[in-house]
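Written below as structure tokens is the structure these notes are about.
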Amino acid sequence: MALERIARTARNGFRRSPSGASARTSEKEMLCEGASTRKYCSLPSLETDTRNRNFLYLSSISKVNHNSFWSRGIRATPTYQFPSAERIVEESDSEYNDPKYPGLEATKPGEKPRVVVLGTGWAACRFLKGLDTKIYDVVCISPRNHMVFTPLLASTCVGTLEFRSVAEPVTHIQSALATDPNSFFYMASCVGVDTDKHEVYCETISKGGLPHEPYRFKVAYDKLVIAAGAEPLTFGIKGVKEHAFFLREVNHAQEIRKKLLLNLMLSEHPGIPEEERKRLLHCVVIGGGPTGVEFSGELSDFIMKDVRERYTHVKDYIKVTLIEANEILSSFDVGLRRYATNHLTKCGVRLMRGVVKEVHPEKIVLNDGTDVPYGLLVWSTGVGPSEFVKSLDLPKSAGGRIGVDGWLRVPSVEDVFALGDCAGFLEQTGRPVLPALAQVAEREGKYLVQLFNKIGTQNAGKALSLKDIPLGEPFVYKHLGSMATVGRYKALVDLRQSKDAKGISLAGFLSWFIWRSAYLTRVVSWRNRFYVAVNWATTIVFGRDNSRIG
């Protein structure tokens with residue numbers, strides 16, 4: 001130990017010497033933050049921890065750019081490129097050339113094959129739920145430890161449902177993640193994939209909970225399932241990410257609820273000018289898809305039933321505006337679209353046609369020059385591929401998703417599968433890219449887990465063992481229909497298999513009853529079904545809770 005301290009002191013002294021080595025050291029330290037090279041490096045200030053395997057990191061994977069983004073289940077972190085990165089690593093001391101990474105090494109002969117799942121969305125959780133853990137060990141990696149029941153998420157923003165009613169812990173969905181000694185859930189972000197080495201590289205999100213931040217590790221896999229989800233589309237419009245709220249996660253709903261209640265309470269303060277009060281209480285929703293329409297309906301319900309009773313001083317100022325470039329609910333039947341338009345208008349929701357040009361802190365500007373002041377702005381214009389998906393050196397389908405064949409395999413690499421919002425059929429399959437819907441993701445997860453259980457019984461679960469194994473019939477998706485609530489005990493049910501097909505279309509109270517019944521049965525666990533039923537009953541009897549917590 002004494003000799004090691006002397007050697008380390010000497011090295012540190014050399015780096016601080018005025019001979020120019022300090023500049024190299026500084027650059028090398030920055031390189032370890034994220035240089036784009038296949039070589040590895042560790043942080044000089046953490047040399048002692050290298051021996052303890054506490055903090056070692058692959059700075060990058062070839063052909064992968066780590067841009068910052070957040071999506072359902074996956075987050076990539078930003079890195080920086082240095083032209084002299086290769087030279088610095090090659091010239092570095094031998095102690096930095098071959099670091100040992102903490103994590104899970106490749107499985108050995110006689111051990112169960114390991115399946116690594118990236119994400120905890122609809123596709124990932126349906127896959128995890130059905131995976132036979134007698135055949136496989138499973139590792140799930142995601143920055144959130146729960147699945148979100150997204151069809152009911154809008155209801156949590158106004159207090160119709162509690163937040164925990166729509167969140168299902170992933171260890172409840174697949175108990176092996178908590179009980180099996182060789183299966184794990186890691187709350188972390190995937191920052192890189194090496195398909196040649198069959199390894200994924202991860203970074204934890206601990207916010208000060210670990211001795212070294214960020215903590216990085218690797219996990220070897222036999223089979224990799226990428227279910228990274230997607231992120232909201234902003235179309236590059238200036239100010240959207242800074243000022244708008246999205247509605248994809250439970251924390252998004254929490255922030256919307258806090259902002260809405262805060263504006264209600266601020267608007268009651270004495271001396272607030274009338275124009276400012278109108279702005280504070282103007283809720284603007286961008287996007288006329290199911291999420292935007294359902295949120296607008298929930299908001300109008302909240303205003304009609306709760307705001308008018310509990311915020312009587314400002315009840316006449318609160319307004320809801322829904323802005324859509326084309327028609328709302330464009331995938332629904334024409335008759336249902338008309339019904340939704342008329343119903344929302346009667347409920348006080350103002351419908352506007354327009355395209356957003358830019359977003360400012362207190363107003364949005366449309367393409368025709370119209371200014372729309374707002375106090376709350378919710379952005380719901382669909383989803384697109386995340387930066388993590390874009391950065392992967394894998395074939396892409398139309399729209400930038402990970403390209404897959406009919407069996408949801410990524411054809412250019414071994415043992416990698418993709419499903420859900422992050423995946424789409426390659427053009428050569430002759431199939432259209434499926435919409436980013438929960439039922440699509442769930443059906444893909446169900447298909448893939450059946451495929452995995454089948455190949456597992458044929459001893460094809462290990463890495464590089466799928467050759468010459470018959471996979472059976474490819475995945476076929478059949479649309480079961482669409483549903484959306486529009487507020488005040490009214491909903492739409494469209495049971496057509498496609499936009500141009502004929503089928504049953506319903507609107508009104510009966511549709512609302514079908515909507516609630518269907519989603520109550522689709523909630524993942526009996527615990528959450530109980531929560532949802534009790535929350536609905538409580539809201540009907542006592543109204544929505546308007547406590548602002550946090």
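The values are calculated or read from the model by the stated rules, or taken from the named source; none is laboratory data. Here the structure is a predicted model, which means the values were calculated and not measured. For neighbour counting, all protein chains shown are included, and Cβ atoms are generated from backbone atoms with ideal geometry for every residue, glycine included. What goes into the accessible areas is simple: the full protein's heavy atoms, side chains included, and nothing from ligands, DNA or RNA. Shrake-Rupley method; radii C 1.70, N 1.55, O 1.52, S 1.80 Å.
Considered as a group, the residues in segment 330-357 that are touching a residue at least 40 places away in the same chain (Cβ under 8 Å) and loosely packed, with under 14 Cβ neighbours inside 10 Å include one that is nearest to Gly289 (Cα to Cα), and that residue is Ser330. Taking first residues from segment 219-232 that are without any contact (Cβ under 8 Å) to a residue 40 or more places away in the chain and partners that are in a loop (DSSP other than H, G, I, E, B) and open to solvent by 10 Å² or more (accessible area, probe 1.4 Å), no Cβ contact under 9 Å between residues at least 6 apart in sequence or on separate chains turns up. The set of residues in segment 211-229 being within 22 Å of Lys390 (Cβ to Cβ) and not in a strand (DSSP E or B) consists of Pro214, Tyr221, Ala227, Ala228, Gly229.
Scanning segment 528-547 for residues that are surrounded by 13 or more Cβ atoms within 10 Å (Cβ to Cβ) and either part of a loop (DSSP other than H, G, I, E, B) or in contact (Cβ under 8 Å) with a residue 12 or more places away in the chain (or both) turns up Asn528, Tyr531, Val532, Ala533, Asn535, Trp536, Thr539, Gly543, Arg544, Asp545, Asn546. On the given criteria, is Asp368 open to solvent by 50 Å² or more (accessible area, probe 1.4 Å), outside any strand (DSSP E or B) and outside the structural domain of Val138 (by the TED database)? In short, yes. Being open to solvent by less than 40 Å² (accessible area, probe 1.4 Å) and either touching an Asp or Glu at 6+ places or on another chain (Cβ under 9 Å) or assigned by the TED database to the domain that holds Glu111 (or both) is a property that Val219 has. Counting only residues that are buried (at least 16 other Cβ atoms within 10 Å of the Cβ) and of a type in the set (A, V, I, L, M, F, W, C), which one in segment 515-527 is nearest to Tyr311 (Cα to Cα)? Among those that are buried (at least 16 other Cβ atoms within 10 Å of the Cβ) and of a type in the set (A, V, I, L, M, F, W, C), it is Trp515. The set of residues from segment 138-173 being surrounded by fewer than 23 Cβ atoms within 10 Å (Cβ to Cβ) and either in the same structural domain as Val486 (by the TED database) or without any contact (Cβ under 8 Å) to a residue 60 or more places away in the chain (or both) comprises Asn145, Pro169, Thr171. On the stretch given as segment 435-480, residues that are part of a loop (DSSP other than H, G, I, E, B) and open to solvent by less than 10 Å² (accessible area, probe 1.4 Å) total 3.
Looking across segment 408-434, the residues that are open to solvent by less than 40 Å² (accessible area, probe 1.4 Å) and over 21 Å from the mean Cα position of the chain (by Cα) come down to Val413, Asp415, Leu426. Applying the criterion of being acidic (Asp, Glu) and more than 28 Å from Asp421 (Cβ to Cβ) to the residues of segment 355-399, the residue that is modelled with the lowest pLDDT is Asp368.
Look at Val493 and say whether it is under 21 Å from Lys305 (Cα atoms), at pLDDT 95 or above and among the aliphatic types (A, V, I, L, M). Spelling it out, it is not the case that Val493 is under 21 Å from Lys305 (Cα atoms), at pLDDT 95 or above and among the aliphatic types (A, V, I, L, M). Of all residues in segment 481-494, those satisfying the criterion of being surrounded by 19 or more Cβ atoms within 10 Å (Cβ to Cβ) and over 24 Å from the mean Cα position of the chain (by Cα) are Val486, Gly487, Lys490, Ala491, Leu492, Val493, Asp494.
Considering only segment 242-268, state which residues are assigned to a loop (DSSP other than H, G, I, E, B) and either at pLDDT 95 or above or surrounded by 18 or more Cβ atoms within 10 Å (Cβ to Cβ) (or both). Once the filter is applied, which keeps residues that are assigned to a loop (DSSP other than H, G, I, E, B) and either at pLDDT 95 or above or surrounded by 18 or more Cβ atoms within 10 Å (Cβ to Cβ) (or both), segment 242-268 yields Ala244, Phe246, Leu247, Arg248, Glu249, Ser267. Checked across segment 300-307, the condition of being assigned by the TED database to the domain that holds Val372, surrounded by 15 or more Cβ atoms within 10 Å (Cβ to Cβ) and in a loop (DSSP other than H, G, I, E, B) holds for no residue.
Within segment 515-550, being of a type in the set (A, V, I, L, M), assigned by the TED database to the domain that holds Arg308 and closer than 28 Å to Thr171 by Cβ holds for Ala518, Leu520, Val523, Val524, Val532, Ala533, Val534.
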